[in-house]
Structure formats: C-alpha cells, structure tokens
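Bear in mind that the values in this text are calculations on the coordinates, not laboratory data. What you are looking at is a predicted structure, and each value in this text was computed from that prediction instead of being measured. Cβ sites come from the backbone with ideal geometry, for glycine too, and all protein chains shown count toward neighbours.
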Number of protein chains: 2
Amino acid sequence: MKSIQQINYIKTPPSTIYRALTTQEGLSEVWTRNLSVKPDLGAINRFDFDDGYLTEMKVVELQKDTRVVWECIQSDKEWVGTEISFDISAENGVSKVSLSHDKWSEITDFYRWCNYNWAMFLLSLKSYCEKGKGIPFQEREF
Amino acid sequence: MKSIQQINYIKTPPSTIYRALTTQEGLSEVWTRNLSVKPDLGAINRFDFDDGYLTEMKVVELQKDTRVVWECIQSDKEWVGTEISFDISAENGVSKVSLSHDKWSEITDFYRWCNYNWAMFLLSLKSYCEKGKGIPFQEREF
C-alpha cells in the first residue's frame, strides 16, 4: 500500500490545531465551506468540493490535542477505504503536524494531485491557526 | 527506495514552465534568490537556502519543453544521490507538471517536510508562470 506523508510546523499550541481539525468552524476555514462536521468519535463528517459527490470521513480515533484519524467511507473511488491521520506534537513553542494518508492502492496521477493538495491543506491550516484566516477550497486558485 | 510524487496544473504553455525550471531568472523567482544556474546539460546548478551548505544539482537530462532531471550532488545528506525530475505535458490548454523526487533511502521527518515544500515549489512555479510572480524561499513564511 502507498501513502502520502507530510509535515508542517505551526506557531500555535497543539490545542488550536486539534480544534481546527475537529470542528465545523475550523474545517470550514481550512478545507471547504460546504461541510457537516461533529467533533465526536464515530461521527461521519461530510465535505463537498463540487465534485458531484460528497467526501465522507468517519472519525475513527481522537486523542485530545494529539491525534485525529479519519477513515474515508465515501469519495472518489481511489479514496474509499483510505485513512488520514494527523499527529500533533510541540517542541520549543512550535507545533508539528504530521499528516499521513494511508492505504492507497497505487500511485496514480490522482495520488500525485492529492499529495500536492494535502500540502495546500497544511498551508491553509497553518494560515488559519497562526492568522485566523484559512484558504478553503472556495478561495483557492486552481 | 522511496519517492515524493506530486502534480500541479498550470495555465501556460509547456515552454514557459520549461524556461522557469532551467534558467537563473526562473528559478530565482520560483525557488531561491541566491543561486547560480545554467540551462545546459551537465551544468552544476547551485542553490542557497541559508542552511549553512549549498544544494548542488547536476543537470543530467534535458528534453526541451518536456523533461528536466537533476541529480543532487551536494545538500543535506538525505538528499545527496537523490534525483528530481519534472515532466511537462499539455492537454486542453493546461500544462501538467509531474514532479518526482526519487531514491530517498527512507521516510523521515525531513522527507515529510520536503514533501510539503515541493508543493510550495509547485505553487510558486504556478504563480510565477501564470502571474509573473513566484514565491521564492526568501519570501515564504515558515
């Protein structure tokens, strides 16, 4: 199985990042304004990117201020069954977010495009956490 | 061996992207302002990111408007011996740039951080090719 692995460093406490990744308010700034999100284990979070289908993520693990794991249960067929985890830690006043998008069947052009776009997600997360303004899907220039 | 693979789509002809990736003018806007670059096969291109060492890339393949390959001969030790290729193609008036950074020994936090930063490179490349203004290292907010 293939995976996408990235890190970004964000000058905020882990709790700010955890809140951004688990709440409707945070993910509407970071990822897409069209969403339905609950900060609960087992919740099915829904994200709309004007693809003609919803991306549904089941929250399969939550460790407060430390770790968030989603299982993709609906989306592009290359995403269904994949898992996305965010691990958050802090050192010397800077937080580290490690993103891992696991269980890809193969490396395709969609994988390559998603790899690029996860970095846009982490850039948006950093901007939102540090400045209060993310770059949601609707404001990105493709 | 591990690799980093990303794609970005850029609304310019392949020749604009190829020029950006092979000239001092282009790479000073896209990557770092402190550089020494020649658009020749076999050239040793030098890039300075204030790391305390230079990153040196030997140009090992050039196919006009289609493909550029660098072999890293000096940099962080995790980079030395790795190869970076850019494949450019066009469809329906949009160019596709596939970046592949190959021959990593293992997936480390530095790999994860570089994966994120290659996306910043591709974002900068897009901005430079489409708008004439890149986001070189000196203008990024880390």
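Below, the figures for the structure above:
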{"item": "Summed side-chain charge close to A:THR55 - residues other than A:THR55 whose Cβ falls under 13 Å, Lys, Arg +1, Asp, Glu -1", "result": "-4"}
{"item": "Inter-probe distance in nm under a simple model that places probes 7 Å from Cα toward Cβ, at B:GLU141 and A:TYR9", "result": "1.6"}
{"item": "Label geometry 7 Å along the beta-carbon vector: B:ASP87 inter-copy distances in nm", "result": "3.2"}
{"item": "Mean-position separation - Cα centroids, region A:98-142 and region B:35-53, in angstrom", "result": "29"}
{"item": "Selected from B:VAL80, B:VAL68, B:VAL59 as most flexible by GNM, with chain B as the system and alpha-carbon contacts under 10 Å", "result": "B:VAL80"}
{"item": "Formal net charge of residues neighbouring A:SER15 (Cβ-Cβ distance under 15 Å; K, R +1; D, E -1)", "result": "+1"}
{"item": "Net charge of neighbours whose Cβ lies under 10 Å from the Cβ of B:CYS114, counting Lys and Arg as +1 and Asp and Glu as -1", "result": "-2"}
{"item": "Cα Rg, Dmax (largest Cα-Cα span) when computed across chain B, Å", "result": "14.0, 44"}
{"item": "Filter on A:LYS96/A:LYS131; A:LYS38/A:LYS58; B:LYS103/B:LYS126; B:LYS11/B:LYS64; B:LYS38/B:LYS103; B:LYS2/B:LYS58 - keep pairs with C-alpha separation over 22 Å", "result": "B:LYS103/B:LYS126; B:LYS38/B:LYS103"}
{"item": "For region A:2-132, with +1 on Lys and Arg beta carbons and -1 on Asp and Glu, the positive-most of A:TRP104, A:GLY26, A:THR82 along the dipole", "result": "A:GLY26"}
{"item": "Size of electric dipole in region B:29-142: Cβ of Lys, Arg +1 and of Asp, Glu -1, about Cα centre, debye, nearest 20", "result": "320"}
{"item": "Residue-wise HN-Hα coupling along region A:14-23, computed from phi with Karplus coefficients 6.51, -1.76, 1.60 (Hz; x: Gly, Pro)", "result": "x, 4, 5, 5, 4, 5, 4, 8, 10, 10"}
{"item": "Calculated Rg and Dmax of region A:43-91 using C-alpha coordinates, Å", "result": "12.2, 41"}
{"item": "Axis-nearest residue of B (beta carbon) for the B-onto-A rotation, whole Å", "result": "B:ALA119, 2"}
{"item": "For B:TYR53, inter-copy label distances in nm, listed shortest first [label point 7 Å out on the Cα-Cβ vector]", "result": "4.5"}
{"item": "Value of relative contact order over region A:1-115, rounded to a whole percent, pairs C-alpha under 8 Å and six or more apart", "result": "30"}
{"item": "Shielding by other protein chains, A:41-52, mean Cβ within 10 Å", "result": "0"}
{"item": "Exercise: per-residue mean of other protein chain Cβ atoms within 10 Å, A:2-13", "result": "4"}
{"item": "Gaussian network model of chain A, springs between alpha carbon atoms under 10 Å - residue of A:THR55, A:THR66, A:THR108 with greatest fluctuation", "result": "A:THR108"}
{"item": "Whole-angstrom Cα spans of the protein assembly as shown along principal axes, big to small", "result": "56, 46, 34"}
{"item": "For the protein assembly as shown, size of Cβ-based charge dipole, Lys and Arg +1, Asp and Glu -1, in debye", "result": "360"}
{"item": "Within a Gaussian network of chain B (alpha carbon springs, distance under 10 Å), most fluctuating of B:GLU83, B:GLU71, B:GLU130", "result": "B:GLU130"}
